[in-house]
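Report on one structure; see the data block that follows.
What follows is calculated from the coordinates using simple rules that are stated; it is not laboratory data. The model shown is predicted, which means the values in this text are computed figures rather than measured ones. Here Cβ is always computed from backbone atoms with ideal geometry, including for glycine, and neighbour counts include all displayed protein chains.
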């Protein structure tokens with residue numbers, strides 16, 4: 001189990017902290033359909049849009065390092081919440 | 001991009017939030033039966049992997065991209081109930097920390113990606129897994145499950161738009177467009193889901209909840225969960 005977890009976490013770090021910098025910046029399926037069919041303008045900014053990590057950058061910086069850092073922070077937070085939550089739900093097992 | 005605020009009006013967004021909350025409450029109770037000291041870490045790991053993978057958009061042609069949802073993957077690995085919770089964790093962190101997906105739209109995104117896509121992925125996999133006997137076979141079935149989960153989620157959005165869309169559109173045109181592009185994105189989802197599932201099934205078939213009762217998970221190795 002430990003090997004699987006380590007492998008998975010490593011892959012997540014590589015994905016979020018590295019490969020994400022080469023991700024396509026084209027609009028995704030929903031965004032594209034919204035643009036083509038005239039409801040893209042209806043979208044409003046999230047109340048969280050001012051968050052320091054909004055849009056997967058650190059404080060709005062365009063630098064690749066900022067994107068990588070945002071991704072890595074996300075990985076750490078998700079790991080903490082994810083592992084913690086499922087442990088909590090699982091409760092004590094015999 | 002998940003559904004932002006403003007696409008779906010507040011009443012429907014609120015209804016989606018209430019529906020999502022109700023189903024997730026059931027999921028927490030039901031997930032306990034599927035979570036043991038091996039599946040619980042696997043659920044946490046799935047959340048981390050899916051969060052990271054969702055950051056890597058891939059092109060699907062015509063100036064459009066897509067990204068993994070991971071709903072079928074989560075359902076196959078840790079069961080549908082824990083799978084819903086895995087996706088909800090990812091979506092909530094994305095909305096709160098990264099403004100990816102609206103806050104009032106969180107219920108909408110949970111319904112589409114953490115409930116509809118998870119259930120479709122689970123049901124398709126469970127229907128097909130009884131016919132396979134190898135990790136590669138499981139991978140193929142997982143690939144189909146992943147593939148179908150994406151247009152299913154897209155159609156769930158179209159239904160929400162029909163109920164509470166804030167800009168007038170031709171529903172048929174939007175349904176066709178959403179379906180079409182998400183079938184393309186589904187190919188990517190299917191490939192990734194199939195590869196990851198076949199790898200996990202090849203190495204640790206005993207921990208994969210989706211294999212319970214199938215030829216690939218001998219009964220003796222099935223995790224025995226003793227309720228506390």
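Let me confirm one metric for peptide A:64-77, namely the mean number of other chain beta-carbon atoms within 10 Å of its residues' beta-carbons.
Values: counts 0, 0, 0, 1, 0, 0, 3, 5, 1, 2, 11, 6, 1, 7.
Mean shielding by partner chains, rounded to a whole number: 3.
Tilt of helix B:10-34 relative to the longest C-alpha principal axis of chain B, in degrees (0 to 90, nearest 10)?
With rounding to tens, the tilt is 0 degrees.
Which of B:147, A:83, B:125 comes first, and how do the rest follow, when ranked by fewest Cβ neighbours within 10 Å? Write down the numbers at each step before the final one.
Details: B:147 23, A:83 18, B:125 28.
With the fewest neighbours first, B:147, A:83, B:125 line up as A:83, B:147, B:125.
Per-residue mean of other chain beta-carbon atoms within 10 angstrom of the beta-carbon, peptide B:90-101?
Values: counts 4, 0, 2, 6, 4, 4, 6, 11, 15, 11, 7, 2.
Average per residue, whole number: 6.
Mind running the shape call on the protein assembly as shown? Use the C-alpha gyration tensor, a ≥ b ≥ c as the square roots of the eigenvalues: rounded below 1.5 for a/c, prolate if a/b tops b/c, oblate otherwise.
Values: a/c = 1.57, a/b = 1.42, b/c = 1.10.
Here the protein assembly as shown falls in the prolate category.
Nearest 10 degrees is fine. How inclined is helix A:64-90 to the longest principal axis of chain A, computing both from alpha carbons?
The helix A:64-90 is inclined about 50 degrees to chain A.
Please work out the Cα center distance from segment B:171-223 to segment B:91-137, rounded to the nearest Å.
Taking the Cα centre of each part, segment B:171-223 and segment B:91-137 sit 10 Å apart.
Could you work out the relative contact order of chain B? I mean the mean sequence separation of Cα pairs under 8 Å and 6+ apart, divided by the number of residues, in percent. Could you put the intermediate results ahead of the total?
Details: 376 pairs, mean separation 61.1, N = 228.
Value for chain B: 27 percent.
Relative to the first principal axis of the alpha-carbon coordinates of chain B, what is the inclination of helix B:80-98, with its axis defined by its Cα atoms, in degrees from 0 to 90 and to the nearest 10?
50 degrees
Please give the FRET efficiency for residue B:202 paired with residue B:14, using the beta carbon to beta carbon distance and R0 = 45 Å, rounded to the nearest 0.05. Present the calculation step by step, with values, prior to reporting the outcome.
Values: r = 45 Å, r/R0 = 0.99.
My answer for the efficiency is 0.50.
Could you work out the relative contact order of segment B:130-212, using alpha carbon pairs under 8 angstrom and six or more residues apart, expressed as a whole percent?
Working: 72 pairs, mean separation 41.2, N = 83.
It rounds to 50 percent for segment B:130-212.
Grab the DSSP H runs of chain B that are 4 residues or longer, score each as -39,500 (n - 2.57), total them, divide by all residues and round the 222 nm result to the nearest 500 deg cm²/dmol. Mind showing how you got there, number by number?
On the way: 8 runs with 147 residues, N = 228.
Dividing the helical sum by the residues of chain B leaves -22000 deg cm²/dmol.
Please list A:75-82, B:162-169 highest first by mean number of surrounding beta-carbon atoms within 10 Å per residue.
Values: A:75-82: 19.6, B:162-169: 15.2.
Descending packing order for the listed peptides: A:75-82, B:162-169.
Can you tell me how much longer the chain between residue B:37 and residue B:62 gets when fully stretched, taken as 0.36 nm per residue apart minus their C-alpha distance, in nm with one decimal?
Working: separation 25, 0.36 × 25 = 9.00 nm, distance 4.54 nm.
Roughly 4.5 nm would be gained on extension.
Got a sec? How would B:97, A:7, B:35 order by Cβ neighbour count within 10 Å, fewest to most? List each step's numbers first, then the result.
Details: B:97 19, A:7 14, B:35 27.
Ascending number of Cβ neighbours within 10 Å: A:7, B:97, B:35.
Taking a point 7 angstrom from the Cα of residue A:24 along the C-beta vector, which residues in segment B:41-58 have backbone N less than 12 Å away?
Within reach of a label on residue A:24, which here means backbone N under 12 Å from a point 7 Å along Cα→Cβ, segment B:41-58 contributes B:56-58.
Quantify how strongly other chains surround peptide B:34-47 by giving the mean number of their Cβ atoms within 10 Å of each of its Cβ atoms. All intermediate terms of the calculation are to be shown ahead of the outcome.
On the way: counts 2, 6, 2, 4, 2, 3, 10, 10, 5, 7, 13, 13, 3, 9.
Rounded to a whole number, the mean comes out at 6.
Take peptides A:57-63, B:128-134 and line them up by average Cβ neighbours within 10 Å, highest first, as a rough protection proxy.
B:128-134, A:57-63
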